[in-house]
């Protein structure tokens, strides 16, 4: 394998790993920008991955073929929203501790997904391998550019969608009244309330959007990487997305950069086995890499006060 | 006893009790929706727990680590920190105990205590990393300890696979008998259930948890920092040092949990694909117990019992044992959203309150 090809391939795999992280981290961004901590991203991803696997399977059986994964993809967003609704009702309406509820979502979502999988597939803890998953799109002409073609223009549709979504999110967050209000609610809810912004409504929107997007993130993993759902399909991706959100300083484009960085760390692990020199390093260290890098980055680069000011605080209009 | 009264009041029991009930109902609804019989399922769960002395003993074995991790989480909570990294500290405790247990050859009265101590310190130091990062760099302990969980998993796997491995297997060489802390006569008595000293140490730790926080000057500082760090700082307390100290102690409790899984139960450490989840369950236990010593103990008994009994459910009623995770998740959900529970209880409590008014 020549060097150019390898680099192209590495970038390509990085994009595959990063896509799910970007979806989820963007979701987390909407929630946290509105002032609601979302530790439950992992659980929301699990819900999405589960729904995508099951609905795609059922859609395939119903006779759909190429469109089946799209149905599953959509279902994942819906399932994610339902799970996030639980988060929203308890943290926003009943002012429960946001971190705790996030932990609950993680426990609950995984339990529910495996329980339903076993109920639907006669006791098997894993869904069957899907026949119809996303295929890579090769963009005509562009795909033939050396290096870049292989790296960027032969990718899953989800990758193109998520990159577009990141730019849209940037625009929405910083260039529209909606974005301004969402940020205001996360920075200073009582001021926002004073000028007539419905804090509850915007926080609900933020949390539900996080459910939809994290659901899509989970679906991305099912429909592009694993082709099935089991208890270990997500295994920590939601937490890495959370780290990407913080590393990306709650900014859509920063989030993309951070997610690409973590995606690269994961891709390197696959590539480490290809070369003699990198094989010398025990594989566990490659597994550790993204987490160690996160710690270093958090300790070194990120300052103290980048988070939305009201992050984690329930809004109680009766309090001053 | 004044303090104890302050910690336990009426609502601190009522909310969890209702939450447990609601959690069991949610589980029952899930079972009905899946076409299973919830009554048969819950009764086979109970039967599993109490049908034989072996099963009861094994249930106690399953409860023990949850007491440790529950205390670890609750201790940190009381000092204003959310230690979600108990999972990793638990694992480092296991690894510390395994290293000493496998590699050293000492008389039992030195070997066993040394293994316990090493594991506890491993757990404590692992937690202290998150404490130091928070105190010195302002890194949110939730994020850093999630990262540390994964690092602990892979680091433990690396240590086991590289230095302690049994040839050709995915686990360490056995821990020497001199470091093991099983209770042989109790194992005989309980029909070969794996009983060990860890259960008693766990109970001592529950008492220690109370004494440390409510009976010492340091404990007052720890709680003061947890209650209001600004006020504590103004009163001349060293908030940063207290944070690190609190994380260390919390990590010691977590590490001890891991220690006894190795020295009391398995006698070796495996290379793991994912962590066991005792740490995350510890969060559930602490929340249910309202971060009080007795509450944590009761919470651990409930969750450990449910989890161990769930195998009986799948055997006796064909229900996937994961339904217990749904129950546990719902229980904590309802404890956390106590506003929801109070709203649910309002008709009942309201009637009682109005009756009281009439009586006056």
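The values are calculated or read from the model by the stated rules, or taken from the named source; none is laboratory data. Nothing here was measured: the structure is a model prediction, and the numbers come from that model. Methodologically, a virtual Cβ is constructed for each residue, glycine included, from the backbone with ideal geometry; neighbour enumeration extends over all protein chains shown.
Values for this structure:
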{"quantity": "Residue in the stretch A:201-222 that is crowded, with 16+ Cβ neighbours inside 10 Å, in a loop (DSSP other than H, G, I, E, B), out of contact with any strand residue (DSSP E or B) (no Cβ under 7 Å at 6 or more places or on another chain) and touching a residue at least 24 places away in the same chain (Cβ under 8 Å) present", "calculated": "no"}
{"quantity": "The stretch B:119-153, subset over 17 Å from residue B:84 (Cβ atoms) and buried (at least 23 other Cβ atoms within 10 Å of the Cβ), residue nearest to the other protein chains (Cβ to nearest Cβ)", "calculated": "B:122"}
{"quantity": "So residue B:236, is it surrounded by fewer than 19 Cβ atoms within 10 Å (Cβ to Cβ), away from chain A (no Cβ under 14 Å) and on the phi > 0 side of the Ramachandran plot", "calculated": "yes"}
{"quantity": "Condition check for residue A:151: assigned to a helix (DSSP H, G or I) and away from chain B (no Cβ under 14 Å)", "calculated": "yes"}
{"quantity": "Residue in the stretch A:234-252 that is touching a helix residue (DSSP H, G or I) at 6+ places or on another chain (Cβ under 8 Å), assigned to a helix (DSSP H, G or I) and either more than 14 Å from chain B (Cβ to nearest Cβ) or modelled with pLDDT under 80 (or both) present", "calculated": "yes"}
{"quantity": "Checklist (1) away from chain B (no Cβ under 13 Å); (2) surrounded by 21 or more Cβ atoms within 10 Å (Cβ to Cβ); (3) closer than 30 Å to residue A:118 by Cβ applied to residue A:227, failing item", "calculated": "(2)"}
{"quantity": "Among (1) modelled with pLDDT of 75 or more; (2) over 23 Å from residue A:262 (Cβ atoms), the one test that residue A:298 misses", "calculated": "(2)"}
{"quantity": "Residue within the stretch A:83-100 that is more than 9 Å from chain B (Cβ to nearest Cβ), surrounded by fewer than 20 Cβ atoms within 10 Å (Cβ to Cβ) and at negative phi present", "calculated": "yes"}
{"quantity": "Residue satisfying all of: in the stretch B:27-39; surrounded by fewer than 18 Cβ atoms within 10 Å (Cβ to Cβ) and over 29 Å from the mean Cα position of the chain (by Cα); farthest from the other protein chains (Cβ to nearest Cβ) among these", "calculated": "B:37"}
{"quantity": "Odd one out for residue A:303, checked against (1) farther than 30 Å from residue A:184 by Cα; (2) at pLDDT below 85", "calculated": "(1)"}
{"quantity": "Selection within the stretch B:144-162 - closer than 15 Å to residue B:98 by Cα and touching a helix residue (DSSP H, G or I) at 6+ places or on another chain (Cβ under 8 Å)", "calculated": "B:152, B:153, B:155, B:156, B:157, B:158, B:159, B:160, B:161"}
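Results for (1) in contact (Cβ under 8 Å) with a residue 12 or more places away in the chain; (2) more than 18 Å from residue B:260 (Cβ to Cβ); (3) more than 14 Å from chain A (Cβ to nearest Cβ); (4) surrounded by 16 or more Cβ atoms within 10 Å (Cβ to Cβ), shown as yes or no for each residue.
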| position | (1), (2), (3), (4) |
| --- | --- |
| B:168 | no, yes, yes, no |
| B:184 | no, no, yes, no |
| B:199 | yes, no, yes, yes |
| B:202 | yes, no, yes, yes |
